[in-house]
Amino acid sequence: MDDPQGGARLVALLARDLQAMGEDVTLYCYGYDQARCFPDVLADVPVRCLRRLDAQGDAAHGFETGWRRSWAQLQRYYREAPALASLLDAHTEIVNPHEWLAHRSAALFGLARGIPIVWTYNDPSHWHVHAGWGVRELPYRALGWLDTRHINRFAAVTTLSRWMTEVGKRTFAAPVQMVRCGIDARRIPAVPDRSLSAGAEAPVLRLLSIGILAPWRRLEDALRAVAVARQRGCACRYEIIGSDRFWPSYGALLRELVGELGLSDMVELRFESVSESELEAAYARADVAVFPNEQQAWGLAQLEAMVMRPQSARSAALSADLMVRRESRLVPRVRSTSVIVRSLPDA
C-alpha cells in the first residue's frame, strides 16, 4: 500500500467488500501511504502497517531496479516479514496474503498456529520461475526451494489467469485455484465523457494503455502503430498511464521513441500512479484500450476496460481467456505493429 497500483487496489476493494458483507477485516501492509492509496475505499477498514509513508518523500517511492531491488526484497523477506507477522491479531481465523512477500508474513504467523492461509499469487517470482541453471540463477533456486516448503503447506493458492494457474500447479504442492479479479464496476461511468472530441474537425480515435511500466508491456509496438496510423490519415490520441518505478529505463525508452517518431502532439505519457477519479476519467475518454503485452495481460485494467469500452486491442499471449465478448479485438501475435494498426480503423 505504498503506491496506488493495481495489486494494491485489488486488496483494498476486497477488504471493503468483505467488510460490507459483515466480515471482520483488518488490512496489514509493510508501508502505507494513506493519502494516495484509496482513502475513500479504505475509509472504514482498519489498516495496520510497519511504517506510514509521506507521498512527497523521495525515499518512499524511489526507483527499485536491478541489485537494488534484489537487496530491498531480501531485507523485506528476512527483516520486515517477521515484523509484520508480529502485528497480526492472535484471534485471526484466516489469512489472505496478496503477492510475493506478504505470503512470508502469513507463513510465519499462521503455519505454527494452524490458521488457514490462502495466498493470492498474482505474478510469478524469479524465486519460483527460473531461466536456467547459470551461476546467477543459483541464489534464486536456493531461496525458492526454501520458500516453497512453506507455500506447500498453505490451504490454497489462488491465481488471476489460466497461465498463472499452470505456473502455480507446476511449482507448488498446495491446491491452486483460478479466481478472477473483482472490479469496482459501480465507480466506472456508464456513459463515456465526450468533452475532448474534435468538434467539427475529423474524429480522433482515443487510445489508452494502463499498467506498471515494464519491457513486456510492449507499448513501443502501440506507439509505432499510432505513427503508422497517422501516416494513413487516421488521427489518434494515445494516453499511457503507469508508474516507471521498477523500470525507469523502459520509461526513458518510450520517451525517446515518442520524440523519434514525432508523436509529442499525439501521445501523453503519464509515468505515475493516478487517483481513482483520474483513472475513471481516463477510461471515459478512451475509445480503445490497448494491451499489447507479452506477459501479465490480465488484471483489473483489462477487465475494467472491457466493462467501460467493449472494443479492446490486446495481445493473445496470455489474455485470450479474458476475451468473453464478441465485440473485443484479439491481436493474434505479440510484437506486431501492423496487426495493431489493422485493428484501429474498425475500433
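Structure above, values below:
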item: Selection from the range 11-30 of residues that are crowded, with 17+ Cβ neighbours inside 10 Å and either touching a strand residue (DSSP E or B) at 6+ places or on another chain (Cβ under 7 Å) or in the same structural domain as Phe271 (by TED's automatic domain parsing) (or both); result: Val11, Ala15, Leu27, Tyr28, Cys29, Tyr30
item: Some residue of the range 172-192 being crowded, with 17+ Cβ neighbours inside 10 Å, out of contact with any His (no Cβ under 9 Å at 6 or more places or on another chain), charged (D, E, K, R) and at pLDDT below 90; result: yes
item: Verdict on Arg232 being at pLDDT 85 or above and touching a strand residue (DSSP E or B) at 6+ places or on another chain (Cβ under 7 Å); result: no
item: Yes/no for Arg36 being surrounded by 14 or more Cβ atoms within 10 Å (Cβ to Cβ), farther than 30 Å from Leu138 by Cβ and modelled with pLDDT under 90; result: yes
item: Single condition Glu137 does not satisfy, out of (1) acidic (Asp, Glu); (2) exposed (fewer than 13 other Cβ atoms within 10 Å of the Cβ); (3) at pLDDT 70 or above; result: (2)
item: Qualifying positions in the range 250-273 - within 18 Å of Trp216 (Cβ to Cβ) and in a helix (DSSP H, G or I); result: Tyr250, Gly251, Ala252, Leu253, Leu254, Leu257
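The values are calculated or read from the model by the stated rules, or taken from the named source; none is laboratory data. Note that this is a predicted model, so its numbers are computed, not measured. Note that we place each Cβ from the backbone using ideal geometry, even for glycine, and neighbour counts take in every protein chain shown.
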